[in-house]
Amino acid sequence: MNGGLTVGERLVGGSPGEEINAFAAKIYPICRSITGDGVRKTLRAIRSHIDLDIHEVPTGTEVFDWVVPREWNVRAAYIRDQQGRKIVDFAESNLHVMSYSVPVHRWISLAELKQHVYTLPDQPDLTPYRTSYYADNWAFCMPHRLFESLDDERYEVVIDSDLSNGSLSYGEYLHKGETDEEFLLSAHICHPSLANDNCSGVALLTHLAKCMVGLRTRYSYRFLFAPGTIGAITWLARNEDHARRIKHGLVVSMVGDGGGPTYKKSRQGNAKIDRVIAHGLRHCGLKSTILDFSPYGYDERQYCSPGFDLPVGLFQRSQFGQIPEYHTSADNLDFIAADHLALSYRLIAEAIDVVENDRGYRNVVARCEPQLGRRGLYGAIGGDKGTAEANMAMLWVLNLSDGRHSLLDIAERADLPFSLIRRTAQILSDHGLLSVCDIEADGAR
Ligand code: ZN
């Protein structure tokens, strides 16, 4: 199966960084919100790579304590001065109009305009990203320096938008594995032209789904592309029973910058996915951060709400809200890079490799160590850090393969990479020293 390679090894072939970066750049210009044609256009772009199911949920549909909102679309928006010059124009950047702005067309005083403009005084050259999904309002966003330069008495403001009954769109793709147990991979698709948050996550998961086609896996992999908060809530409301199949999950956002990596644990805190990511980050060679769960962030808030309490964590590079580019025009295509995307992708692929290959073995000899020398096993296993580490891996695998420890348990206890422990177990198994046994393999301990 899988051409002799593990799932993780198969996933990391080619140049994922360049491909993910190119797709992020393709969807970056689209004006997205929590509903509307920009979301549909993005979902269609994803569907050009994978066989995505696109769902439309009508305005007014009740989803737990929420209601699917009216659909928002915008055609044009600008502020014009008395000489007819456009101060800011939606056509130049979709960040200039606050998402879900109601339509407006009139002349107003500079003082009144000030009530409808967002700027960042501490970052005077950047345009902020603002939304007003659930309160009728309108506003423009612009650089503080530009706003301070305005000195006309009156300005023409135009937002040619509509808020009307329509639907909320989301997309999902299922890679069928040998079991119905699922690994959920979720990205929000509601932000307009922000590259890291979250074109990077959408593009990474699209590439991952594409690379899984034709791969034999133990778990089924569900990819969900939905608007933040309301999209995840809508999916959960329509899939309440189905959600119980989710054994592991990651929300993937902001994966294209050079920071982190950062992982926020699931609400459970000791779920298998929490251990798997912590293990991967410990051995990734970068200064990573692991955060405890908190009910603030992205859609892990919904997946980890008490009625579901799913084992879903948040994978990021820099932590949201902690970098100056966050939710500003500086989160553009220059802020993300193929190398960073490739590393993020590899870390997620390696996590998948661990959940796919974590199993238990029993040491066939059991009473004292088997005689490795006469079998030519000392030094037989190549490790990244040489023979000593490889020999330690062999001794740990033999010692802990007692029917009670999985390969991940052993990797954690030995403080060695899972990939080395897995290769070692395979070689010992090939030499008849280990037999596969049926212990728990899903982190019940
Ligand atoms: Zn965001």
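The values are calculated or read from the model by the stated rules, or taken from the named source; none is laboratory data. Source: prediction; values computed, not measured. Every residue, glycine as well, gets a Cβ built from its backbone with ideal geometry; the counts of neighbours run over all protein chains shown.
Annotations for the structure displayed:
- Exclusive hit being surrounded by 19 or more Cβ atoms within 10 Å (Cβ to Cβ), in the same structural domain as residue 187 (by TED's automatic domain parsing) and touching a Leu at 6+ places or on another chain (Cβ under 7 Å), set 350, 300, 325: 300
- Complete set of residues in the stretch 303-322 that are surrounded by fewer than 21 Cβ atoms within 10 Å (Cβ to Cβ) and either touching a Cys at 6+ places or on another chain (Cβ under 6 Å) or of a type outside the set (Asp, Glu) (or both): 305, 306, 307, 308, 319, 320, 321, 322
- Residue identified as assigned to a strand (DSSP E or B) and within 18 Å of residue 248 (Cα to Cα) among 348, 352, 290: 290
- Test for residue 167: is it within 16 Å of the ligand (Cβ to nearest atom) and under 17 Å from residue 238 (Cβ atoms): no
- Against the test of being under 25 Å from residue 246 (Cβ atoms) and either more than 16 Å from the ligand (Cβ to nearest atom) or surrounded by fewer than 21 Cβ atoms within 10 Å (Cβ to Cβ) (or both), the options 119, 131, 206 yield a single qualifying residue, 206.
- Cβ pairs under 6 Å, 6+ apart, first in the stretch 301-327 and farther than 16 Å from residue 262 by Cα, second within 15 Å of the ligand (Cβ to nearest atom): 302/232; 325/331; 325/335; 327/129
- Members of the stretch 238-256 that are assigned to a strand (DSSP E or B) and within 16 Å of the ligand (Cβ to nearest atom): 251, 252
- Evaluating residue 174 against the criteria (1) aliphatic (A, V, I, L, M); (2) closer than 30 Å to residue 53 by Cα; (3) buried (at least 17 other Cβ atoms within 10 Å of the Cβ) leaves one unmet condition, (3).
- Among the candidates 192, 227, the residue that is buried (at least 23 other Cβ atoms within 10 Å of the Cβ), within 15 Å of residue 38 (Cα to Cα) and within 16 Å of the ligand (Cβ to nearest atom) is uniquely 227.
- Looking across the stretch 306-345, just one residue is in a helix (DSSP H, G or I) and within 16 Å of the ligand (Cβ to nearest atom), and that is 335.
- All conditions but one from (1) under 21 Å from residue 223 (Cβ atoms); (2) assigned by TED's automatic domain parsing to the domain that holds residue 127 apply to residue 103; the one that does not is (1).
- Residue match in the stretch 330-345 (condition: on the phi > 0 side of the Ramachandran plot and in contact (Cβ under 8 Å) with a residue 40 or more places away in the chain): no
- Residues located in the stretch 1-53, provided they are surrounded by 16 or more Cβ atoms within 10 Å (Cβ to Cβ), at pLDDT 95 or above, assigned to a loop (DSSP other than H, G, I, E, B) and out of contact with any strand residue (DSSP E or B) (no Cβ under 9 Å at 6 or more places or on another chain): 28, 30, 49
- Inclusion of residue 303 among residues that are modelled with pLDDT of 95 or more, under 20 Å from residue 198 (Cα atoms), hydroxyl-bearing (Ser, Thr, Tyr) and away from the ligand (no atom under 16 Å from the Cβ) is warranted.
- Condition broken by residue 369, with the remaining ones in (1) in contact (Cβ under 8 Å) with a residue 60 or more places away in the chain; (2) more than 16 Å from the ligand (Cβ to nearest atom) satisfied: (1)
- Test: residue in the stretch 346-358 that is closer than 21 Å to residue 25 by Cβ and more than 16 Å from the ligand (Cβ to nearest atom): yes
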